[in-house]
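Engineer: Dumping the structure here so I can ask a few things about it.
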Amino acid sequence: MPGRTPPEHREPPAYQRIAAELRALILDGTLAPGQRVPSETALRDQHGVSKMTARNALLALREQGLLESRHGKGFFVRSFKPIRRNATKRLSRELWGGGRSMWSVDVENRPMVAVSEEPEEAPAPEAVAQALGVEPGTRVCRRSRVYLVEDVPVMSAVSFLPMEVVANSQILQVDTGPGGIYARLAELGHAPTRFREELRARMASPEESDLLGVGSGSPVIHVVRTAADETGRVVEVNEMVLDASRFIMEYDFTS
């Protein structure tokens, strides 16, 4: 209609403009990790907006993982050091075969805790059943956990393993022992020798937001890993959801 501004030429909402300015200051280091950002009142006065608009800008940056709020103190640039996740190193047999956790590569000496549910027998979801080569609904071992680094939830993971492989093994215990699941699979004659990971960036579901303590719609990295033994049999499907603001994904290759 005449007189209407095309959508592509419209100015973004004021809170988005303020958030974009603050984001740029964070990314170029002007606002350093751990530094307090301007208050709602300061942003209101600086930009000539309402206090609610200023707050929405800060909340938007918190949902993006760039800010954290501290009760009674305001908003601060997140000081959490990103976790460098090197898939090629963390999956090496030398690591788990030597009784070490894959997380020892990722976090080094930083404190890490895995909050695990009791492993259970459960029907395999359709996609998992297809990967494992079984009928949908076949009973499998399901292991669910949330990982916290420096008391911050960074990743949730659910593993599915064939019951006929892991029945009566330590894999059905919360503590799988040195080297974790892969070391126990090796003892059962099904050492993983080939891995495949699929990564997808998307927004967190409400349930994932609660698990990871992030804002609704925050970006996450969804990783699905399959592990196969030397016969080609898939012995684990692992679905992981990573808080995208907490990780750097790193891969080493040779040509």
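The values are calculated or read from the model by the stated rules, or taken from the named source; none is laboratory data. Only a predicted model underlies this, so the values are computations on that prediction, with no experimental measurement involved. Note that each Cβ is placed from the backbone with ideal geometry, even for glycine, and that neighbours are counted across all protein chains shown.
Engineer: Which members of the range 174-202 meet the condition of being in contact with a Lys or Arg (Cβ under 6 Å, 6 or more places away or on another chain) and under 18 Å from S144 (Cβ atoms)?
Structural biologist: Within the range 174-202, T176 is the sole residue that qualifies.
Engineer: In the range 168-198, what residues are assigned to a loop (DSSP other than H, G, I, E, B), over 27 Å from the mean Cα position of the chain (by Cα) and surrounded by 13 or more Cβ atoms within 10 Å (Cβ to Cβ)? Break it down stepwise before answering.
Structural biologist: Looking only at the range 168-198, we keep the residues that are assigned to a loop (DSSP other than H, G, I, E, B), and these are 168-169, 173-179, 188-193.
Keeping just the survivors that are over 27 Å from the mean Cα position of the chain (by Cα) gives 168-169, 188-190.
S169, L188, H190 - these are the residues of the range 168-198 that are assigned to a loop (DSSP other than H, G, I, E, B), over 27 Å from the mean Cα position of the chain (by Cα) and surrounded by 13 or more Cβ atoms within 10 Å (Cβ to Cβ).
Engineer: Another one. How do the strands (runs of 3 or more DSSP E) wholly within the range 1-118 filter down when requiring 1 or more residues that are under 30 Å from F160 (Cβ atoms) and small (G, A, S): which remain?
Structural biologist: 112-116
Engineer: When R44 is evaluated against the numbered criteria (1) at pLDDT below 95; (2) surrounded by 13 or more Cβ atoms within 10 Å (Cβ to Cβ), which criterion, by number, is the only one it fails?
Structural biologist: Unmet for R44, out of (1) at pLDDT below 95; (2) surrounded by 13 or more Cβ atoms within 10 Å (Cβ to Cβ): (1).
Engineer: Moving on. Any idea how many residues of the range 231-250 are free of Cβ contacts under 8 Å to residues at least 24 places away in the same chain and in a helix (DSSP H, G or I)?
Structural biologist: Looking only at the range 231-250, we keep the residues that are free of Cβ contacts under 8 Å to residues at least 24 places away in the same chain, and these are 231.
Next, from what is left, pick out any that are in a helix (DSSP H, G or I): none.
Residues in the range 231-250 being free of Cβ contacts under 8 Å to residues at least 24 places away in the same chain and in a helix (DSSP H, G or I): 0 in total.
Engineer: Sticking with this one: How many residues are buried (at least 19 other Cβ atoms within 10 Å of the Cβ) and outside the structural domain of A191 (by TED's automatic domain parsing) when one looks only at the range 217-255?
Structural biologist: Selection size over the range 217-255: 0.
Engineer: Among V214, V154, which is the only one that is in contact (Cβ under 8 Å) with a residue 12 or more places away in the chain, within 28 Å of L59 (Cβ to Cβ), outside any strand (DSSP E or B) and assigned by TED's automatic domain parsing to the domain that holds V134?
Structural biologist: From the options V214, V154, the qualifying one is V214.
Engineer: Here's something else I'd like to know. How many residues does the range 160-176 contain that are under 19 Å from S104 (Cα atoms) and either outside the structural domain of L242 (by TED's automatic domain parsing) or in contact (Cβ under 8 Å) with a residue 40 or more places away in the chain (or both)?
Structural biologist: Residues flagged as under 19 Å from S104 (Cα atoms) and either outside the structural domain of L242 (by TED's automatic domain parsing) or in contact (Cβ under 8 Å) with a residue 40 or more places away in the chain (or both) within the range 160-176 amount to 1.
Engineer: Okay, moving on. When the residues of the range 217-230 are filtered to those that are outside any strand (DSSP E or B) and in contact (Cβ under 8 Å) with a residue 40 or more places away in the chain, which remaining residue is farthest from K89 (Cα to Cα)?
Structural biologist: Per the stated criteria, the residue is G217.
Engineer: Do you know which of the residues in the range 72-99 that are touching a strand residue (DSSP E or B) at 6+ places or on another chain (Cβ under 6 Å) and of a type in the set (D, E, K, R) is modelled with the lowest pLDDT?
Structural biologist: Among those residues, the one meeting the criterion is R78.
Engineer: Does any residue in the range 134-149 that is touching a residue at least 40 places away in the same chain (Cβ under 8 Å) and in a strand (DSSP E or B) come within less than 8 Å, Cβ to Cβ, of a residue that is aliphatic (A, V, I, L, M) and exposed (fewer than 15 other Cβ atoms within 10 Å of the Cβ) six or more places away or on a different chain, and which pairs are these?
Structural biologist: Every condition considered, the pairs that remain are V146/V115; Y147/V113; Y147/V115.
Engineer: Next question, about the same structure. What's the total number of residues in the range 28-41 that are loosely packed, with under 15 Cβ neighbours inside 10 Å and touching a residue at least 12 places away in the same chain (Cβ under 8 Å)?
Structural biologist: 6
Engineer: Among the residues of the range 233-253, write down those that are out of contact with any helix residue (DSSP H, G or I) (no Cβ under 7 Å at 6 or more places or on another chain) and closer than 13 Å to V223 by Cα.
Structural biologist: N238, E239, M240, L242, A244, F247, M249
Engineer: If the requirement is being among the aliphatic types (A, V, I, L, M) and assigned by TED's automatic domain parsing to the domain that holds A20, which of these qualifies: V37, V113, V107?
Structural biologist: Result: V37 is the single residue among V37, V113, V107 that is among the aliphatic types (A, V, I, L, M) and assigned by TED's automatic domain parsing to the domain that holds A20.
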